[in-house]
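Read through the structure below, which is laid out as structure tokens, and then see the notes.
The values are calculated or read from the model by the stated rules, or taken from the named source; none is laboratory data. In this text the structure is predicted, and so the values were computed from the model without any measurement. Neighbour counts run over all protein chains shown; Cβ positions are idealised from the backbone, glycine included.
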Amino acid sequence: MVNRLSGGRHFVSSKQGDVSLQSMKSVFRWDVLYPLIVLPCGLFMIFFDRYPARNDGEAHWLRAVQVASGLFVPLRDPAGGDRYGGFRANGAFASFNNTAINSPFLYYPTIFSQFFFRYTAEHVQYVAASISTLLCCTVCIALAIHIAGQMGELIAATAFIPTVFLSMVFPSADAVTNSFALLFIAVVCRYSVLLKATSWQTILILSLLCIGLAQIKTTCLVLMLLIGVIAWRQYRHDRHIPIEYFIPLGFGVSSALIWWWQIRSISPWILSYQQYVDGKQLLIHHPFAFLKGVIMTVFQPLDLSKDQYNVQRNIQLYTGTENTMLPMTVMVFFIISCIALWMVAASKSHLVLSKMEPADRVFIQTILASIIVLFYLLTCVAMALVMGYTPQNLGKAFDGMQSRYFVPVLPLIGIMLLIPNWGIVIRHSKALERCVLVFLWLGFVGILAAHTIRFI
């Protein structure tokens, strides 16, 4: 039996633990291969990219430099109005739009690089910050793949998506958001699969991760509900409600509230503060109109003849980025690789999933589905408030929806598809993983060619 908060002893027999750990091992160490592929390709992109695809690149860079200088809260436009931002090198004020509300944690790689390159030329600072972002986020993702164990291939499948890679070759909030969210999911997977007993070390690690998770994109706050999976597995073992898991949740919520208090008067994008407040009031008083807008956003067809920007943003996961969109001849290598990695994860977890109780399946699926739905709803709320929610917009689809926003929940979708246990067992996994490795290299060569060859 488990001693609660005992020091981290397993509350399953060692034999069961061995089964979990030794079911099927990957032919390749994807936690090692990931940085070996991404780092050289990323460095090549930083120095030789002819067609940069950097979403809100200037705003992210100026916000990162502002944070690195010690100014955590953005400045209000001295000319008046409700715009917030900072100053360019020439002294002109630049509005950060919705980037203004990003927390300092999202730019920690630039803080590291500025410590050494603060007094160099601006282009040198930018290159150093780009390299620092690439290194920090690559290491974070490689660690996530390693920690995730049997679910490591799902983390790798998400991390190899070009949208994720291209967000890491310049100072951006997306890079830290994606890498840290994947790390959090990996830690939860680790604790859930290994069935660790509650320890103060576990609570401390989860608390620190929740504090960081609350400082990335607001929508990622719902990922903290994954802790419920760990608590459920422990409850199923000893029939005691593990209230100690409310500690990391409390730290996470407190972390979010502290930052929200700091930015409470900042309106995102180009809206006035009053327009921002009015939009929130509309959301509160017209919930059914909001839900209708959510449904419209899910199913409304894309119309390139009327609005190319929403189309470009919507299909980013299939083209890499909004601006320099990769052709299908490049993307097909990544699509096939992601599917193959999911199949490897399904084969590795087959033995463990076959022994999972029906109650466990239902609970975990419910948690995962709830997180995905809440994540989407919060994203719709954010888009409504950022783009301006007015009476004329009630019940209509929300502008500005970008598929890259949903990278943090892609592994959860993969896990949901695994839990039914399709009985997939790959007998020649070595050949399959070799094909995946070749396809990934071909895909990254395609990215480099698309971004560095001079086209007419």
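Specify which of the listed residues (Leu351, Leu341) is closer than 21 Å to Arg427 by Cβ and either β-branched (Val, Ile, Thr) or over 22 Å from the mean Cα position of the chain (by Cα) (or both). One residue alone meets the criteria, Leu351.
Would you be able to say whether some residue in segment 259-270 is of a type outside the set (Asp, Glu), under 26 Å from Lys396 (Cβ atoms) and within 23 Å of the chain's Cα centre (by Cα)? Yes, some residue in segment 259-270 is of a type outside the set (Asp, Glu), under 26 Å from Lys396 (Cβ atoms) and within 23 Å of the chain's Cα centre (by Cα).
Considering each of Asp360, Asp303 in turn, give the residue that is of a type in the set (Asp, Glu) and assigned to a loop (DSSP other than H, G, I, E, B).
So the residue among Asp360, Asp303 that is of a type in the set (Asp, Glu) and assigned to a loop (DSSP other than H, G, I, E, B) is Asp303.
In this structure, does Asp49 turn out to be within 17 Å of Pro162 (Cα to Cα), touching a helix residue (DSSP H, G or I) at 6+ places or on another chain (Cβ under 6 Å), among the charged types (D, E, K, R) and at pLDDT below 95? It is true that Asp49 is within 17 Å of Pro162 (Cα to Cα), touching a helix residue (DSSP H, G or I) at 6+ places or on another chain (Cβ under 6 Å), among the charged types (D, E, K, R) and at pLDDT below 95.
Residues checked against (1) surrounded by 13 or more Cβ atoms within 10 Å (Cβ to Cβ); (2) among the polar types (S, T, N, Q); (3) at pLDDT 90 or above; (4) outside any helix (DSSP H, G or I):
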{"position": "Gln234", "(1), (2), (3), (4)": "yes, yes, no, no"}
{"position": "His237", "(1), (2), (3), (4)": "yes, no, no, no"}
{"position": "Tyr245", "(1), (2), (3), (4)": "yes, no, yes, no"}
{"position": "Gly250", "(1), (2), (3), (4)": "no, no, yes, no"}
{"position": "Ser255", "(1), (2), (3), (4)": "yes, yes, yes, no"}
{"position": "Trp259", "(1), (2), (3), (4)": "yes, no, yes, no"}
{"position": "Ser267", "(1), (2), (3), (4)": "yes, yes, no, yes"}
{"position": "Leu271", "(1), (2), (3), (4)": "yes, no, no, yes"}
{"position": "Gln274", "(1), (2), (3), (4)": "no, yes, no, no"}
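Considered as a group, the residues in segment 384-419 that are out of contact with any Leu (no Cβ under 8 Å at 6 or more places or on another chain) and outside any helix (DSSP H, G or I) include one that is nearest to Tyr318 (Cα to Cα), and that residue is Gln402.
Taken over segment 209-254, the criterion of being more than 30 Å from Met383 (Cβ to Cβ) and free of Cβ contacts under 8 Å to residues at least 40 places away in the same chain is satisfied by Ala231, Tyr235, Arg239, Ile241, Ile243, Phe246. For Ala369, the requirement of being among the hydrophobic types (A, V, I, L, M, F, W, C), assigned to a helix (DSSP H, G or I), more than 24 Å from Ala231 (Cβ to Cβ) and out of contact with any Cys (no Cβ under 7 Å at 6 or more places or on another chain) is not met.
For segment 35-63, filtering for residues that are assigned to a helix (DSSP H, G or I) and within 19 Å of Gln114 (Cβ to Cβ) leaves 8. What do you reckon, is His60 at pLDDT below 90 and touching a helix residue (DSSP H, G or I) at 6+ places or on another chain (Cβ under 9 Å)? Against the criterion (at pLDDT below 90 and touching a helix residue (DSSP H, G or I) at 6+ places or on another chain (Cβ under 9 Å)), His60 does not qualify. Of the set (1) in contact (Cβ under 8 Å) with a residue 60 or more places away in the chain; (2) part of a helix (DSSP H, G or I), all apply to Ile426 but (2). Answer yes if at least one residue in segment 406-427 is surrounded by fewer than 19 Cβ atoms within 10 Å (Cβ to Cβ), under 24 Å from Leu221 (Cα atoms) and among the β-branched types (Val, Ile, Thr), and no otherwise. Checking segment 406-427: at least one residue is surrounded by fewer than 19 Cβ atoms within 10 Å (Cβ to Cβ), under 24 Å from Leu221 (Cα atoms) and among the β-branched types (Val, Ile, Thr). In segment 313-342, what residues are in a helix (DSSP H, G or I) and among the hydroxyl-bearing types (Ser, Thr, Tyr)? Tyr318, Thr319, Thr329, Ser337 - these are the residues of segment 313-342 that are in a helix (DSSP H, G or I) and among the hydroxyl-bearing types (Ser, Thr, Tyr). Kindly indicate whether Ala181 is at pLDDT below 95, of a type in the set (Gly, Ala, Ser) and surrounded by 20 or more Cβ atoms within 10 Å (Cβ to Cβ). It is false that Ala181 is at pLDDT below 95, of a type in the set (Gly, Ala, Ser) and surrounded by 20 or more Cβ atoms within 10 Å (Cβ to Cβ). Scanning segment 187-200 turns up no residue that is in a helix (DSSP H, G or I), at pLDDT 95 or above and under 30 Å from Pro268 (Cα atoms).
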